[in-house]
1. With the structure loaded, tell me whether Thr140 is polar (S, T, N, Q), more than 22 Å from Leu230 (Cα to Cα) and surrounded by fewer than 21 Cβ atoms within 10 Å (Cβ to Cβ) or whether it fails that test.
2. For Val65, are the conditions met, namely being under 17 Å from Thr99 (Cα atoms) and surrounded by 17 or more Cβ atoms within 10 Å (Cβ to Cβ)?
3. Counting only residues that are among the small types (Gly, Ala, Ser) and over 18 Å from Phe235 (Cα atoms), which one in region 190-211 is surrounded by the fewest Cβ atoms within 10 Å (Cβ to Cβ)?
4. Val241 passes all but one of (1) over 24 Å from Ile110 (Cα atoms); (2) open to solvent by 20 Å² or more (accessible area, probe 1.4 Å); which number fails?
Amino acid sequence: MPSLFPLQLEPMLRAWLAEDLGRGDLTLPALAGAQGRAHWLTRQAGVFCGGGLVEPLFRLLDPAVQVRLLVADGEAVQPDQRLLDLEGPAAALVAGERTALNLAMRLSGIATATAALVAELEGTGVRLADTRKTTPGLRTLEKYAVRCGGGLNHRLGLDDAAMLKENHLAWAGGVAAAVAAVRAEAPWPARVIVEAETAAEAEAAVQAGADAVLLDGFVPEALAAVVPALRQLAFQRGQAVVLEASGVQPQQLRAYAATGIDLISSSAPVTRSPWLDLSMRFDPGWV
């Protein structure tokens, strides 16, 4: 199962709770001393994501809150399915409700959209990867949601790998010069990826020793023609190359997968997915 990183998570949760709580929940006097129970339900079918946030979020509000997860992140869910149970001080349950649900609905929407695209690629051997088109402040969690949906994370940030795009190639004086400049300064495990918009740029990237070529804006027919040539160039150099397609419409996934590429990168699960409808129900009559 995909994992979250607690050292990164706690500062973000504190900031999000502070945004909603402000100077304090004004309904607190009505809840003073009360104990409560609640549970989460999903109103839609999809892939659940965000359960791993619930316990640490409510723990920050009150360590007495107990959370029992009934569904793991990455599991498929059906309408009206019970996802988790909560028990503890009513003030903490009410204070954390909106922040926890907002996060889980957003992440479950991404996981659900990712899983649908991954299902389209099933049996092709081609993986679906995400992009850096993420919400500022939410990148770690949105990429976690992509993993929960069965997708593959591309770069988390600019320090993960060097992706040389059109502007880099122009300012550096060409593909070979750009790749050489990055190779001279990057730490040895770092990969160099070249984004190519033409067959000539893609061939130059392989000849320059790029670890991967991102083929952007190619139609499937053009990809099918250029991929074998790139594989042959890589073989002649004695160096494997990862071939990735981007700028792909979701409805064309299988056509692109049939061209012989390794990856398809898409921002659609993050930028186009609706939230999955979840709700928190309070169990009455328990104090």
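1. Spelling it out, Thr140 is indeed polar (S, T, N, Q), more than 22 Å from Leu230 (Cα to Cα) and surrounded by fewer than 21 Cβ atoms within 10 Å (Cβ to Cβ).
2. yes
3. My answer is Ala190.
4. Unmet for Val241, out of (1) over 24 Å from Ile110 (Cα atoms); (2) open to solvent by 20 Å² or more (accessible area, probe 1.4 Å): (2).
Okay, residues lined up against (1) aliphatic (A, V, I, L, M); (2) at pLDDT below 95; (3) open to solvent by less than 60 Å² (accessible area, probe 1.4 Å); (4) closer than 29 Å to Arg191 by Cα:
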position: Glu75; (1), (2), (3), (4): no, no, no, no
position: Ala90; (1), (2), (3), (4): yes, no, yes, no
position: Glu97; (1), (2), (3), (4): no, no, yes, no
position: Ala104; (1), (2), (3), (4): yes, no, yes, no
position: Leu107; (1), (2), (3), (4): yes, no, yes, yes
position: Leu128; (1), (2), (3), (4): yes, no, yes, yes
position: Leu156; (1), (2), (3), (4): yes, yes, no, yes
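Quick grid of which residues meet (1) closer than 27 Å to Asp25 by Cα; (2) in contact with a strand residue (DSSP E or B) (Cβ under 9 Å, 6 or more places away or on another chain):
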site: Thr42; (1), (2): yes, yes
site: Leu53; (1), (2): yes, no
site: Phe58; (1), (2): yes, yes
site: Gln81; (1), (2): no, yes
site: Thr99; (1), (2): yes, no
site: Asn102; (1), (2): yes, no
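The values are calculated or read from the model by the stated rules, or taken from the named source; none is laboratory data. All of these numbers come straight from a predicted model, not from anything done at the bench. Reconstructed Cβ throughout: ideal geometry from the backbone, glycine too, with neighbour counts over all protein chains shown. Protein only, heavy atoms only, side chains kept; ligands, DNA and RNA dropped before computing areas. Shrake-Rupley method; radii C 1.70, N 1.55, O 1.52, S 1.80 Å.
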